[in-house]
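Enquirer: Can you read through this structure? Questions will come right after.
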Amino acid sequence: MIKKLITKRKVIQFIIAFFIYEITIIYGFNFFYFLAIAIVLGSIMGKTFCRWMCPIGFVMEAITTIRGKDQKLGMYNYHKLGCPIAWIQGYLNKTSLLKIKRDPEKCVNCGLCDKTCYITALNKEFSLIKQLKKDPALSYKCSKCLDCIAVCPADSLSLTFEK
Ligand code: SF4
Ligand code: SF4
């Protein structure tokens, strides 16, 4: 179910981003309402706005994808910078209710998750599987693209409510 949703992420983002664009530009929806919604969403799921809802994020991802080999670096730099919504939600990655968790009993240590994530691919101090390294999913820079979950062949990674 979650993997199917992740494969449709760009379509979902396009629809929500278009809606946000419309209500902002045409109807003048106040930016502070977005901030309030971002805080509530961020408390539950962390930094979800950038990769699932944001019109600018949608365009930036398209540009970095067209650039090909620099895609990971482009995403890394973009999500390092962010905007007020990204700053708030990024810092909520550490405390959000839903977190990316690995089941070590299912994990076959293939390393695909670390290769896929733009944070771990570019920063050797981060890893989704090595316990002594920092967890990229708790980092401010994690944009909850959930590509790590999508790529896991053993369904070891999942979005789980922290107990
Ligand atoms: S959701 Fe996973 S792949 Fe995406 S940035 Fe966060 S840790 Fe990396
Ligand atoms: S992709 Fe899944 S199975 Fe492979 S190392 Fe990562 S968590 Fe383990």
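No lab work stands behind these numbers, since they all come straight from the coordinates. What you are looking at is a predicted structure, and each value in this text was computed from that prediction instead of being measured. Note: ideal-geometry Cβ built from the backbone for every residue, glycine included; neighbour counts use all protein chains shown.
Enquirer: Straight distance only, please: which aspartates and glutamates reach the Cα of Lys115 with their own Cα at less than 20 Å, same-chain residues fewer than 8 apart left out?
Expert: Cα-Cα hits under 20 Å: Glu61, Asp70, Asp103, Glu125, Asp135, Asp147, Asp155.
Enquirer: With a cut-off of at most 13 other beta carbons within 10 Å, and DSSP calling the residue loop, which trypsin sites (Lys or Arg not before Pro) in the range 5-88 qualify? Please list them.
Expert: Passing sites in the range 5-88 are Lys8, Arg67.
Enquirer: Let me ask you something else. Could you list, in their original order, any pairs among Lys47/Lys124; Lys8/Lys124; Lys8/Lys134 whose Cα atoms are separated by more than 27 Å?
Expert: Long pairs (Cα-Cα over 27 Å): Lys8/Lys124; Lys8/Lys134.
Enquirer: State whether the range 62-160 is rounded, prolate or oblate according to the following rule on the C-alpha gyration tensor (a ≥ b ≥ c being the square roots of its eigenvalues): a/c under 1.5 gives rounded; otherwise a/b larger than b/c gives prolate, and the remaining case gives oblate. If you can, show how the numbers build up before the last one.
Expert: Values: a/c = 1.84, a/b = 1.25, b/c = 1.47.
Oblate.
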